[in-house]
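The values are calculated or read from the model by the stated rules, or taken from the named source; none is laboratory data. It should be emphasised that the depicted structure is a prediction, and the values quoted were computed from it without experimental measurement. Note that each Cβ is placed from the backbone with ideal geometry, even for glycine, and that neighbours are counted across all protein chains shown.
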Number of protein chains: 4
Amino acid sequence: MSGNTFGKIFKVTTFGESHGKSLGAVIDGFPAGLDIDIEKIQKDLDRRKPSQKTSDGSINKSVTQRNESDEIQILSGIFEGKSTGCPIGFIIPNSDAHSNDYSDIADKFRPGHADYSFYEKYSIRDYRGGGRSSGRETACRVAAGGFAKILLEKMFPQFEITASTIAVAGIKAETFDKNEIEKNSLRCADKIAAKKMEERIEEIRSKGDSCGAIVECKIKGIKAGLGEPVFDKLDALLAQAMLSIGAIKGIEFGSGFESAEMLGSEWNDQMQKNDKDGSFFKTNHAGGILGGISNGNEIIFRVVVKPVPSISKLQNTIDKSGNECTMQIKGRHDICLAPRIVPVIEAMASIVLADLALQNLASKID
Amino acid sequence: MSGNTFGKIFKVTTFGESHGKSLGAVIDGFPAGLDIDIEKIQKDLDRRKPSQKTSDGSINKSVTQRNESDEIQILSGIFEGKSTGCPIGFIIPNSDAHSNDYSDIADKFRPGHADYSFYEKYSIRDYRGGGRSSGRETACRVAAGGFAKILLEKMFPQFEITASTIAVAGIKAETFDKNEIEKNSLRCADKIAAKKMEERIEEIRSKGDSCGAIVECKIKGIKAGLGEPVFDKLDALLAQAMLSIGAIKGIEFGSGFESAEMLGSEWNDQMQKNDKDGSFFKTNHAGGILGGISNGNEIIFRVVVKPVPSISKLQNTIDKSGNECTMQIKGRHDICLAPRIVPVIEAMASIVLADLALQNLASKID
Amino acid sequence: MSGNTFGKIFKVTTFGESHGKSLGAVIDGFPAGLDIDIEKIQKDLDRRKPSQKTSDGSINKSVTQRNESDEIQILSGIFEGKSTGCPIGFIIPNSDAHSNDYSDIADKFRPGHADYSFYEKYSIRDYRGGGRSSGRETACRVAAGGFAKILLEKMFPQFEITASTIAVAGIKAETFDKNEIEKNSLRCADKIAAKKMEERIEEIRSKGDSCGAIVECKIKGIKAGLGEPVFDKLDALLAQAMLSIGAIKGIEFGSGFESAEMLGSEWNDQMQKNDKDGSFFKTNHAGGILGGISNGNEIIFRVVVKPVPSISKLQNTIDKSGNECTMQIKGRHDICLAPRIVPVIEAMASIVLADLALQNLASKID
Amino acid sequence: MSGNTFGKIFKVTTFGESHGKSLGAVIDGFPAGLDIDIEKIQKDLDRRKPSQKTSDGSINKSVTQRNESDEIQILSGIFEGKSTGCPIGFIIPNSDAHSNDYSDIADKFRPGHADYSFYEKYSIRDYRGGGRSSGRETACRVAAGGFAKILLEKMFPQFEITASTIAVAGIKAETFDKNEIEKNSLRCADKIAAKKMEERIEEIRSKGDSCGAIVECKIKGIKAGLGEPVFDKLDALLAQAMLSIGAIKGIEFGSGFESAEMLGSEWNDQMQKNDKDGSFFKTNHAGGILGGISNGNEIIFRVVVKPVPSISKLQNTIDKSGNECTMQIKGRHDICLAPRIVPVIEAMASIVLADLALQNLASKID
């Protein structure tokens, strides 16, 4: 398994299983001389944590009740509050791992999970909560993304990234108020839709089921010129980054799949003199990316999040010997992953942008 | 611009501009000892070529009328009909490049094209037909994909890959007959829909406009186990590969964006004893990939193709000095890219799979 | 600083400074299913540790007296004693770091050290014992090399690697008895020469000086075929691996620099029927590598180790403001690095071989 | 064989066999906006070509008499005399390939050559002059190095690189006059030694033998700060680059192997106020590199070149079936590779420096 590194210059390597001793990561290529505010990074980690509150202040039952502090411990690369140019190593210890929850399913492949495909690949089964394929792996992405954000804020003072849930189990957000996002358990920017989503999720939870969602991400303040033709296009790398998140099954930029029903005369974003936002475009069907390179317009993409595969309903499956059987999954699981994936999406998008921003330093020599 | 290499072991590096002397590529990591049938590769290249026929035998007006032979010339890596293990270098010369068609737009940024973002990145403008950002660049991908297919057919005798157009300008395919695909100008597997699509395209063409489309790709015969957690998941790399194709703006796997409206109990593919096709799954909402690793089920994904940006309608834009102006694009252009992108999609998907198949040789040591 | 990863499939990423919280590393690409004997890896780490005994049982004064347990803590990638295919993360905490020893030299550049070049590169100075440029960084290489050895022993049952000191301050080893190596403080395979070397080193130590050395490495049991033409030749990667060790300033294979005085008829290793050792060669001027690929003969190379730069003699230097000054280095330092570099050399060579052995799985498809 | 790419940002991928249709390469990551003087690059290629004159104007019999024009043909990446940021593709066609010279040795392994190790690796034999393992492969390195020099001259106006032969078959250069280098057939900077070397080589040639040599390379004008700790140290990458050249079997930096006999007080380069050359060091035992990073001093290294393996004397070997036999090599071969390797060394060193110079742009953010 040699796919645990992401990026070329800003290069993140992660390790760790859901029920092992510790998660961790190394960020290589982080430039020297930047002030590192660890508390800010910890805040993003806290956003990804389970056990959060709903919009009315009650405990959020749509996420797993596993209790992890998710505290980042920096081991290297920072000296007297500044990055030194050396690799930044950190760990996020596991503390609340209940491996016993999984012992009775050690020989069965959970439907919708990676159990079977991992077993076919490695002929070994770390049955404790998905091992490396667990969503818990994303904690390191969030921390690494926190470092990427620090770099982007330094290089692009107007940089701002905002992901939010725009659809859950058929209920869609219709308005966008950024201030609402952190006020409800779905991280939805539409207060009214959020309320409906919470109700819908509670209903699904009570039936032992789970549901899917769509998350949208908007990025402001990135200058034109990021992205490396032809294979490392900005949208290509964002797509890799997003689809590398376990539960995400699709991505679209700008007008996305609707583009299939549009004419060129509708789709092409006409250009005009620079407006106040720094963009030269009248519309944004391209989602801020043309030819795989940022064009100065807002970068917009949406991803679809599959329903949480761990449900308490009885399911049909097979065991390691190939015999058919049924299984019921216990343990503490999320109902809808969207709210916890929001910070992961922001993190991965920031890592892509940070890497391309550093790569772009070598695109021309004056 | 250091993004012109794709893959880790099966590694493709391409070069060449639409109106330069020649396109070309190097495939490094192709194993020794395989029989190479160049004519088969040339056939894929011919499928990508412009100037093809419609379903009624008339000239296909939906694609550019530029006349390129797109003939591959092998320069190295093959000796006495077999791969030697050495890098395979090849070129595809440009012969019908009309740079003059572009001289009058040298100072204006074409809407929907990469002109502006490239200029911001490199401060230089190769105005001859898009230069490196031209779709012509994909010819090398198709040829490299031909080599990937040879490898996959050797490693997985049941391997079969089929992309086809499933929607054009709002018209959707409703049936799937593989034999129809190469019989119409859209590469649509639904004969009746294809006819409607052709009529719709002719209508759009007559108005000087263009349109978008959706292409679906199905892959059979790939064994479970391909894909490298966590960042080089099979779906993540397919997403990068697809989004790296200029006109593609979105991708979804299996149930894709519909997953957002599904419950876990609906989405999870229940397992059963191995059926005749080698799959252990009753359904395929996952699109053949779980945890980023192939699960033995058919691999299915869909991509959206944006409308061709080169339209003959008058458009608003700016020039290199930032002044607003209008422009009308001349030259020979496609109306809908879907049919010509079909072989490109098959090629890029094959490259991803070939690379992951070779990587997978090191996943376990018995 | 994005050079902290080594290898392509067997991929090692290290982090950590000499006086930071912890060293650590991630090994990505270690195949699944191998039995991991951590104690064996710890033994190699112990060989690299300072504070060892001399041949007469007294404390070895030629190495630094810093007291580090160098205990490896595995964080991931191993489950029930076996590798899982997931990245192996580990840390080696620092426990005996005396940063105060360095505070008075924080503004001066130590001659022979990396202080000045690091400062020019990063404009920041981690003055605590060299930070990332400290030899302490090699502990992670030794641990990672331990994993590489486990893999090589599985793939090549005859595999055996032995490095030993063959020259110190002008005194040369003249015999080779493998059993002597771990019995003296220099790791020299010649008992008599070792005694002389120890005496010479004691003399140099008493004068506040240090000295250089030559170490030879012999590798048996590697089959022909490892090494990737043209840039990743086996000797090219071994050279990178060795020169990446701070104190090493040169490398030669087989007859090495003596080749300059040889004729082709002398140098060419004539071939014959396979002898008992599995080699088809009568001699070994090539050092077991031809065309950058192992030829089945014993792999032999020698490296030169520069004198330890930290000496207690007064030296001329400049400070961060560019003013000339003198300095005297305190702290606990080695006199000769050879004995402690021996396990590092074995480790790095093993990492190169493990990576190339895995890469070679894809060199041909039958 | 996936080792045909060198570099991370300035990335060179080469292909081609000695007797195939064409050699070629792709340089990815060359920045946009530089003036490209192809004739200058062609001049370096001409220096590597065989069939050159000796110091007295007669034909140089120490090099192969194969007659290749080695003309570079640029296919992409340059527009109106400037680099565009797109990958630079070029080919160097083979025109004087006499494959027949090799047909009688198709089944025997030539001693000192890569025939046997390649065959063990790939189970296929391209017997035409070594195929990919031929020295002819280095033509592409020289051309790519020409591009690297253009970049270095732009980034470091004082940049100057000079390699020269300092020892041949036991005869050593004792003086250094840069102007002499291109005046004799050995590329030796000592006029008198060069004459002796030429005589010695003529003697060796008359006996059907060949000989080894040492080449030294000096690089001026590189600022402090290039090199990426810890594995991509400047000396580590130069070592990989040099050892990747077929005939080179060793490298040493600065005082090199002599360091083994030196004391720390002798070896450490004491610092002083900046002299006229931009260096802060009184001596240069480190060869301009400390901690793997350039220190502003002249970069100096030496490599050993093995005797040409193709000799006309009768040799003992085995054939593909493992039977012992003798063989005599015909064809046109060099006696001593040093003079033709000089431009290859300069080229590879320039590629390393160009890549590290671009990487260094991201080492700190102000």
Handout entry: Residue selected from the range C:244-260 under the condition in a helix (DSSP H, G or I) and touching a residue at least 12 places away in the same chain (Cβ under 8 Å), by the criterion surrounded by the most Cβ atoms within 10 Å (Cβ to Cβ)
Key = C:259
Fill in the blank from the handout: The residue that is farthest from residue B:280 (Cα to Cα), considering only those in the range B:199-225 that are among the hydrophobic types (A, V, I, L, M, F, W, C) and more than 8 Å from chain A (Cβ to nearest Cβ), is B:201
Exercise for the section: Please work out which one of (1) surrounded by fewer than 16 Cβ atoms within 10 Å (Cβ to Cβ); (2) of a type outside the set (Asp, Glu); (3) in contact with a helix residue (DSSP H, G or I) (Cβ under 8 Å, 6 or more places away or on another chain) is the condition residue C:173 fails and give its number. Expected result: (1)
Exercise for the section: Would you mind telling me which numbered condition in (1) modelled with pLDDT of 95 or more; (2) surrounded by fewer than 20 Cβ atoms within 10 Å (Cβ to Cβ) residue B:125 fails? Expected result: (1)
Handout entry: Leading residue by the ranking (nearest to the other protein chains (Cβ to nearest Cβ)) among those in the range A:226-254 that are closer than 18 Å to residue B:257 by Cβ and of a type in the set (D, E, K, R)
Key = A:252
Problem - Residue in the range B:144-164 that is part of a strand (DSSP E or B), farther than 27 Å from residue B:30 by Cβ and small (Gly, Ala, Ser) present - result: yes
Handout entry: Only one of D:181, D:204 that is among the aliphatic types (A, V, I, L, M), part of a helix (DSSP H, G or I) and farther than 29 Å from residue D:329 by Cβ
Key = D:181
Fill in the blank from the handout: Filtering the range C:261-295 down to residues that are outside any helix (DSSP H, G or I), out of contact with any helix residue (DSSP H, G or I) (no Cβ under 7 Å at 6 or more places or on another chain) and either more than 8 Å from every other protein chain (Cβ to nearest Cβ) or of a type in the set (Gly, Ala, Ser) (or both) yields C:275, C:276, C:277, C:278, C:279, C:281, C:283, C:284, C:286, C:287, C:288
Exercise for the section: Scan the range C:1-20 for residues that are in contact (Cβ under 8 Å) with a residue 12 or more places away in the chain and either surrounded by fewer than 24 Cβ atoms within 10 Å (Cβ to Cβ) or of a type in the set (A, V, I, L, M) (or both) and jot them down. Expected result: C:1, C:8, C:9, C:11, C:12, C:18, C:19
Exercise for the section: Inspect all residues belonging to the range B:109-130 and state whether any of them is outside any helix (DSSP H, G or I) and of a type in the set (S, T, N, Q). Expected result: yes
Handout entry: Subset of the range C:298-325 [more than 8 Å from every other protein chain (Cβ to nearest Cβ) and within 30 Å of residue C:225 (Cβ to Cβ)]
Key = C:298, C:299, C:300, C:301, C:302, C:303
Handout entry: Residues being buried (at least 24 other Cβ atoms within 10 Å of the Cβ) and part of a loop (DSSP other than H, G, I, E, B) - total across the range B:219-230
Key = 4
Handout entry: Conditions (1) in contact with a Ser or Thr (Cβ under 7 Å, 6 or more places away or on another chain); (2) closer than 22 Å to residue B:20 by Cβ; (3) among the β-branched types (Val, Ile, Thr): number failed by residue B:138
Key = (1)
Practice task
Mind listing whichever residues of the range A:11-27 are closer than 18 Å to residue B:232 by Cβ, more than 8 Å from every other protein chain (Cβ to nearest Cβ) and part of a loop (DSSP other than H, G, I, E, B)?
Solution key: none
Fill in the blank from the handout: Counted residues in the range C:44-69 being buried (at least 20 other Cβ atoms within 10 Å of the Cβ), at pLDDT 70 or above and part of a loop (DSSP other than H, G, I, E, B) come to 2
Practice task
Check residue A:338 against each of (1) under 24 Å from residue B:119 (Cα atoms); (2) touching a Ser or Thr at 6+ places or on another chain (Cβ under 7 Å); (3) in contact (Cβ under 8 Å) with a residue 24 or more places away in the chain and name the one condition it does not meet.
Solution key: (1)
Exercise for the section: Identify, by number, the condition in (1) surrounded by fewer than 22 Cβ atoms within 10 Å (Cβ to Cβ); (2) more than 7 Å from chain B (Cβ to nearest Cβ); (3) of a type outside the set (Val, Ile, Thr) that residue A:362 doesn't meet. Expected result: (1)
Handout entry: Subset of the range A:308-366 (residues that are under 19 Å from residue B:290 (Cβ atoms), of a type in the set (Asp, Glu) and within 25 Å of the chain's Cα centre (by Cα))
Key = A:334
Exercise for the section: Any chance you could count how many residues in the range B:194-208 are surrounded by fewer than 21 Cβ atoms within 10 Å (Cβ to Cβ) and either at pLDDT below 95 or under 18 Å from residue A:266 (Cα atoms) (or both)? Expected result: 7
Handout entry: Candidate set from the range A:73-93 (those that are assigned to a loop (DSSP other than H, G, I, E, B) and surrounded by fewer than 23 Cβ atoms within 10 Å (Cβ to Cβ)); member that is modelled with the lowest pLDDT
Key = A:80
